[in-house]
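Each remark here refers to the structure printed beneath this line.
Just so you know, all these numbers are worked out from the coordinates, no wet-lab data involved. Predicted model, so just to flag it, every value in this text is computed and none were measured. We place every Cβ from the backbone using ideal geometry, glycine too, and count neighbours over all the protein chains shown.
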Amino acid sequence: MMSTRVIFFLLFTVNIAAYAQDKRDYQWMMGNDQEVGSGFRALKFDFNNQPFSPETRDAGLRFDQNNTSLCDKEGRLLLYTNGCAIANRDHTVIPGGDDINEGEFFEDFWFNGNCSLGYPGGQDIMILEDPLLNDGYYIIHKTLERESDGGFGILSLSYTYVDLRLDNGLGAVTESNIDFFTIEKFLWSYLTAIYKSNGRDWWLINPGADSKFYVFSIDEEGIYHSSTQEANHSFNPNNASASGDAKFSPDGTKYAYFNLYDGLLLYDFDRDTGLLSNVKKLEFPIPDQAAFATCEWSPNSEFLYLASADTLWQLEVDHEDLEDGKLFIAEHNGVEDPFSTRFFQSTLGPDCRIYIRPGSSSLSFHVINKPNKKGVACDLVQQGNVLPVFSSTGSFPNFPRFRVDDDDKCDSSISNVFGEDVYWKRDLKVYPNPSNTYANIQIPDNSLGDILIFNAAGQMVLHQSDNCGDIQIDISDFPAGIYSIEYIPGENVDRLVYSEKLVVIP
C-alpha cells in the first residue's frame, strides 16, 4: 500500500465541483531555461489542469523579466509578451508584434535587438482589455530611453494595441509603441492596474522618481492622465527603481508600494475617483548594497506579505501603527537548488496560494499554501514547488486584479501535486550517472522510506516503498532524458527530502 508519507506528492482527488471563476490569469509563461538541440524547454503554469503542477513547453517566447499574458474568461490563452514581441495562443508572433519597445537601448545595447531573451524589467508591462472594443487590448509597457546624463531610464509610458479580430482571430498589432505620457523619469517596476468601480474601465498607476504617483484612466475615450498625487514621502529614486513591487489588495480598497529603501507605503484607494489617501508607513533598515524586495496580498486582503532576500514577514494591515501588525514568518533556509533560492518575487495565484521565486536559476519555487491564516499557520513551504526544468532568472506575469468584484478572489478548490510539508532539501547519491542500464541509490542512514522518479515533464515514472540501504533501479527501459529522483524518509520528523538528477543516455 502506498505510504501516506508521500500523499503530498501524489494527489490526489480532483474537486469536481463546478466553479465559474474568471480565469484570465490562469496561464503563466516563463523562462528561457534549457537548450534542447536547436530548440528550448521552458516553464508553463496552467491552472486549468486538475490537479495543477508545473509543466514544460517547447514553443513560444522566452523571457528575461518583462512578462504578462492574458486568457479569456474560460482560461483559454489569448496573448502573451516578453516585452519585445507579442505571441498568440499558437505561440507565434502576431503581425506587427515583433518590435515592441524598439529603440536605441534595444537595438544597440540589448543583444543587438535580439528578442530571444525578452526585454529587461520586472513589473513593467501588462495587458488590459479595451473597454470600448471587446476584442481590443492595450499592452502597457515602458521603453528604456537615453537620458540627458547619457544613461538610460524610463521617461514615458507607452502602449501597443492588439485587435484580436484580425488574422483569423489570432490578433494583429494596429498601433505600436505609442507614448501616452512623458515626465522627467518614472520608476522602473511598480506598474499596476485595477478595475474602476464600474467593473469595466481601468485605473493604471506608476510612481515617478519625483515622489509622485501618476494615475491614468482607460475607458471608452482611450488612455489619458487622470491625476498626479503626492506620495507624502520622499522616494529614493536611484535605489528604489526596479527594487520592489506595488500591488492593489484583492478587494481593491488598498494600494501597497514597497521596497527596502522607501519602506512600505500603504494607502487607502478609492475605485470611484482613483485617489490614494490615508498613507501609513512601515520602516525597514536601509541596506548597504543593492537589495530587492517583494510584496503580495492574502486573498482576503487582511494580510500583506513582505519579503527581502532572506526574510519573510506577514503584516496585518488594519493596525493604525503597522509595526504592531508585523509578524515574522521565516528566514530563508539557505538551500541552493542548485543555485540560490533566496526570496525575490511573489505573486498570488488563482489557486489562493502565493508563489515566491528566487532571482537565480532554480529547480524549485517557494509557496505559501494558506495565506489567509495568521502567523506561521500561513504554511510557507520553502522549495515546496518542485519544477520539471530549471527556472531562468525571469519573472512571474504581471496581472491586474481581475476578480476584484467577485466574492471569491481565487479558487481554493484547485488541487496540486507539490508538497505542503517538505522544508529541507538534501543531496542524494546516485551512481553511475549518466547511465542507461541501472542506477544505484544510496539511502541515507539506511532508513526506510519512499523513492519517486519523475521525468522531465514532471510525470512520476516510478514509485517504490520501504527501501533500505543501497537500492539498484533498473532504468534500461527509460527513454533517454533527465529524471528527478526523490527519496522521502519514513520517520521524517525533520521534514527532509533527498533529491538528485539522473541523466539517462541512449
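At what distance in nm do the modelled label points of D324 and K429 sit from each other, each positioned 7 Å from its Cα along Cα→Cβ?
5.7
Going 7 Å from the Cα of D272 toward and past its Cβ, which residues in the stretch 218-259 have a backbone nitrogen under 15 Å from where you end up?
From the stretch 218-259, the list is 253.
With contacts defined as alpha carbon pairs under 8 Å and 6 or more residues apart, what's the relative contact order of the chain in percent? Before the final figure, lay out each step's value.
Values: 1374 pairs, mean separation 63.8, N = 506.
Value for the chain: 13 percent.
Going by C-beta contacts inside 10 Å, put D98, D427, D477 in order with the fewest on the left. Walk me through the numbers on the way to the answer.
Working: D98 14, D427 10, D477 7.
The fewest-first ordering by Cβ neighbours comes to D477, D427, D98.
Rounded to the nearest 5, what % of DSSP beta bridges with both residues in the chain are antiparallel? Let's see the in-between values first.
Details: 131 of 138 bridges.
Taking every DSSP beta bridge within the chain, about 95 percent pair in antiparallel fashion.
Please return the longest range in the chain lying between exposed loop sites, taking GluC sites (Glu not before Pro), DSSP loop only, at most 16 other beta-carbon atoms within 10 Å, and leaving the sites out. If you can, show how the numbers build up before the last one.
Values: sites that count: E74, E102, E147, E220, E221, E283, E320, E420, E491.
Here the longest run is 321-419.
For the stretch 255-394, what relative contact order do you get, as a whole percent, if you take Cα pairs closer than 8 Å and at least 6 residues apart? Before the final figure, lay out the partial values.
Details: 327 pairs, mean separation 21.7, N = 140.
Across the stretch 255-394, relative contact order equals 15 percent.
Counting trypsin sites (Lys or Arg not before Pro) as exposed when in a DSSP loop with at most 16 other beta carbons within 10 Å, what is the longest stretch of the chain free of them?
On the way: sites that count: K73, R76, R165, R200, K373, K374, R495.
The longest such stretch corresponds to 201-372.
Please arrange L282, L315 by how many other C-beta atoms lie within 10 Å of their C-beta, fewest to most. Don't jump to the answer; show the numbers that get you there.
Values: L282 21, L315 25.
By the 10 Å Cβ count, ascending, the order reads L282, L315.
Need the full-extension length gain, S415 to H233, defined as separation in residues times 0.36 nm minus the C-alpha distance. One decimal, nm.
Numbers: separation 182, 0.36 × 182 = 65.52 nm, distance 4.23 nm.
That pair, S415 and H233, stretches by 61.3 nm at full extension.
For the chain, give the magnitude of the charge dipole about the Cα centre (Cβ charges: +1 Lys/Arg, -1 Asp/Glu; no others), in debye to the nearest 20. Before the final figure, lay out each step's value.
Values: 37 positive and 75 negative charges, 165 e Å.
The calculated dipole for the chain is roughly 800 debye.
Say the dipole of the chain comes from +1 at the beta carbon of Lys and Arg and -1 at that of Asp and Glu; which of I218, L363, V162 then lies farthest toward its positive end?
Farthest towards the positive end: L363.
So how far, in whole Å, is the C-alpha centre of the stretch 280-342 from the one of the stretch 78-126?
Answer, in whole Å: 31.
Please give the net charge around A231, taking every other residue with its beta carbon less than 11 angstrom from that of A231, where Lys and Arg add +1 and Asp and Glu add -1. Numbers along the way, then the final one.
Values: positive: K212, K281; negative: D210, E230, D262.
Combined, the nearby Lys, Arg, Asp and Glu give -1.
Hand me the chymotrypsin sites (Phe, Trp or Tyr not before Pro) from the stretch 327-410 located in a DSSP loop with no more than 15 other Cβ atoms within 10 Å, in residue order please.
Details: sites: F328, F339, F343, F344, Y355, F365, F390, F402; in loops: F339, F402.
Here the chymotrypsin sites (Phe, Trp or Tyr not before Pro) that fit, given the DSSP loop and packing criteria, are F339.
Taking the Cβ of each residue in H233, H332, H463, H366 as the centre, tally the other Cβ atoms inside 10 Å and list the residues starting with the fewest.
Values: H233 13, H332 19, H463 16, H366 26.
Going from sparsest to densest Cβ surroundings: H233, H463, H332, H366.
Can you give the translational diffusion coefficient of the chain in µm²/s, computed by Stokes-Einstein from the Kirkwood radius over Cα pairs at 10 °C and 1.306 mPa s?
Values: Rh = 23.7 Å.
This corresponds to a translational diffusion coefficient of 67 µm²/s.
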